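Notes follow the structure.
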Amino acid sequence: MRFDLTEEQQMIVATVRRFVRDELIPLEDGIEETGRLDPAKAKAIFEKSRELGLYATNIPTEYGGGGLSAVDTMLVEEQFGHTKDILIRRAFGNVYESLLEGDAAQKERWLLPCVRGERTCSIAITEPGAGSDAAGIRTSAARDGKGYLLNGGKHFISDGHYSDFFIVSAVTDPAAKPRHVSLFLVDKDLPGVSVGRDQKMMGITGTSHVELFFENVKLGPEHRLGAEGQGLAIAYSTLGRVRLAQVGARAIGKASRLCTMMTDYANERRQFGKAIGQFQMIQQMIADSVIDINGARLMLLRAAWEIDQGRDARDWISMVKVEAAETLGRVADRTVQVFGGMGYCSELPVERLYRDARIFRIFDGTSEIHRTVIAKSAMKRGAALWDIGA
C-alpha cells in the first residue's frame, strides 16, 4: 500500500493547480458581478487549457482525451474544485463518459467533437417529478416507424444554454416493468426542441440551469444511445465516475481552498492582543476541518482505486458523495464563523463559496438518497466496510 504520488502525478497536479490559480480564480469576481463568463475569456482559457493537454482528461487517448485513470482523474478534479463550475466547464471540458457507449458513427458525430472542444453536451435526466428518482421520469419516446417521437420536458439542465446537444432519458415502453427507459442524443437545433427559462440559483453563478421542452421531436435509431430499455443501466454505470469527480473530488477541492483561507486568516486576524488562531475554539474548527478533508480524500481515492481495479464501486461512490458534500458544508460554515462579519460579506470569496457549497448535498442524488443506498447494501451484503483482508 503506497500513498505517495508518482512523479507524473505530481507534475499534472502541479500544472492544474497553477492553471486554476493563475488563469481561472482571477476571473471569479467578474462572473459574480455580471452573472456570466465573457465569451472571449472563455475561448482564451479553453485554448490555454487545450494547449497544456488539460481538456477532456477523463476520455481515453484513442479518442483524443487525456486517458487518465480514475485515481489520476480524482487528483486533477480536486484541483478543479478550487474554482467556479463555469470556469471548469469552459477550461477543462465536460465530456460525459456515457458518450463512450455509442457506436462508431455516434462517436464520430457526438463524442469526438466534444473531445476537441467543438461541441458541448449536457445531461438531461432530471424532471420536476423525477430528481433523485431517475426511474420516475415522464418524458416519452414513442415508436414512430424505425424511429421515435420525443415528448416531455426536463429542468435543472446544467450549462443548457451553452450546450449543443443533450443526453436525454425517456420512457420507451410505459407498460414494461421495470421501467423501460432509454437514452437519446438530441441536438438542440432539432425541430420541436426548445429551451425554457434559466432557473436562477442561490450559488454557482455563471452556469445556466435551464428547462428543456420536447414536442414531437423526430429521432432516428441513430439517436438512441445504447440498447432500448438500457438507459438507466448505462446512466448508473457511467455517471458514477462523474458523480465521484464532479461532486466528491470537487467538494474536497473547495473545502481545501476554504480551509487554507481559514487558517491564513486565523494567523493574520488579531483580537485581544493576539492572533485569533491562538484561541482554542478557533483551533478546534481548524482541526476538525483538516480531519474531515483528509478523511474524505482517502475515501475518494479508495473509491477511484476500486474503479481502476474494474470492481463495482457504487457503494464507495455513495459514501464519498455523502462524506465529501457534507465535509464541504461543515468546512464552509466554520470558515464563515472564523471570518466573522467579513465572512458574511460579499466583498470576500468566502460568502460565495458558502453559497456554492450548499448544492453539493442535493445534486447527483441527495445525501439522504445515498444513505439509503448504503444502508440497503449493508443489510443485503453485510456491512460495507473496507475489508483489509479482501
For the range 1-56 and the range 278-299, what is the separation of their C-alpha centers, rounded to whole Å?
-> 27
Candidates Gln199, Gln271, Gln283; GNM for the chain (alpha-carbon contacts under 10 Å) flags as most fluctuating Gln271
For the pair Asp198 and Glu222, how long in nm is the line joining their label points, each one 7 Å along Cα→Cβ?
-> 3.2
Against the longest principal axis of the chain, how steep is helix 39-51, in degrees 0 to 90 to the nearest 10, with axes from Cα atoms?
-> 90
Collect residues whose amide H, placed 1.01 Å from N in the peptide plane, falls under 5 Å from the amide H of Asp164; neighbours closer than 5 in sequence don't count.
-> Thr120, Cys121
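Net charge near Gly30: determine it from the other residues with C-beta under 10 Å of the C-beta of Gly30, scoring Lys and Arg +1 and Asp and Glu -1.
The answer is -3.
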Rank Glu323, Glu32, Glu77 by mean-square fluctuation in a GNM of the chain with C-alpha springs under 10 angstrom and give only the top-ranked residue.
-> Glu32
Solvent-accessible area, 1.4 Å probe, carbon plus sulfur percent, for the chain = 53
Can you list the lysines whose alpha carbon sits under 30 Å from that of Lys146, skipping same-chain ones fewer than 8 residues off?
-> Lys107, Lys154, Lys177, Lys188, Lys218
From the backbone phi of the range 56-69, what are the Karplus-calculated ³J(HN,Hα) couplings (6.51 cos²θ - 1.76 cosθ + 1.60, θ = phi - 60°) in whole Hz, Gly and Pro given as x?
-> 6, 5, 7, 8, x, 5, 5, 10, x, x, x, x, 6, 5
So, with +1 on the Cβ of K and R and -1 on the Cβ of D and E, and no other charges, what is the size of the charge dipole of the range 1-92 about its Cα centre, to the nearest 20 debye?
-> 200
Mind checking which of Met285, Met319, Met202 has the largest fluctuation in a GNM of the chain, springs on alpha carbons under 10 Å?
-> Met202
Positive dipole terminus of the range 229-359, leading residue within Ser346, Tyr236, Ala287 (C-beta point charges) | Ser346
Report relative contact order for the range 274-342 in percent, whole number only (criteria: Cα-Cα under 8 Å, sequence separation at least 6).
-> 32
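The values are calculated or read from the model by the stated rules, or taken from the named source; none is laboratory data. Since we're looking at a predicted model, the values are computed, not measured. Cβ sites come from the backbone with ideal geometry, for glycine too, and all protein chains shown count toward neighbours. Just so you know, the surface numbers come from the protein's heavy atoms only, side chains and all, with ligands and any DNA or RNA stripped out. Shrake-Rupley method; radii C 1.70, N 1.55, O 1.52, S 1.80 Å.
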